[in-house]
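The values are calculated or read from the model by the stated rules, or taken from the named source; none is laboratory data. If you're wondering where the values come from, they're calculated on a predicted model, not measured in any experiment. Cβ placement follows ideal geometry from the backbone for every residue including glycine, while neighbour counts extend to all protein chains displayed.
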Amino acid sequence: MQRFLEKISWKFRRIEITFCPMCLNWSGGWSYFTFSICKIQYSLRSYSLFEIAFRLPNKTTTKSFYVNAWDILFIKNYLFNLHEKLSDQDLWNVRGMSSWDKFKLKILDKIL
């Protein structure tokens, strides 16, 4: 049994998974509030069914209400990857981008 448990430990040594069905975080010093439902953290990526992280105004470091992060229906990472692909295409493409791709990049710049 000990040998079997050692094999399992060795196979999962590089896997880091965290699951939180409902998370509420408050950082008093930064006035930072996070609310998430069904959050999965795999390595350095975070996936969530619903998540919103925002800062409240405190008259010193934050002047107004500010949304730091959001995720709805696990779509945030897909949008980040699409934004990265489009921005690389905009930078390195010799012929330029199509008008539809420019529009998508502009929208992604606004929402991300």
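Of all residue pairs spaced 6 or more apart or on separate chains, those with beta-carbon atoms under 6 Å, a first member in the stretch 65-87 that is under 16 Å from N25 (Cβ atoms) and a second member that is of a type in the set (S, T, N, Q) are D71/S48.
Of the residues making up the stretch 57-77, at least one is out of contact with any His (no Cβ under 6 Å at 6 or more places or on another chain) and part of a helix (DSSP H, G or I).
Scanning the stretch 86-101 for residues that are surrounded by 13 or more Cβ atoms within 10 Å (Cβ to Cβ) and of a type outside the set (D, E) yields L86, S87, Q89, M97. State which residue is farthest from the chain's Cα centre (by Cα) when the search covers only the stretch 6-65 and only residues that are under 25 Å from N81 (Cα atoms) and of a type in the set (D, E, K, R). Among them, the one singled out is R14. Residues that are under 30 Å from W26 (Cα atoms), of a type in the set (G, A, S) and exposed (fewer than 14 other Cβ atoms within 10 Å of the Cβ) occur in the stretch 42-57; there is at least one.
Before we move on, is N58 out of contact with any Cys (no Cβ under 8 Å at 6 or more places or on another chain), in the same structural domain as N25 (by TED's automatic domain parsing) and within 29 Å of I37 (Cβ to Cβ)? So N58 fits the description; yes.
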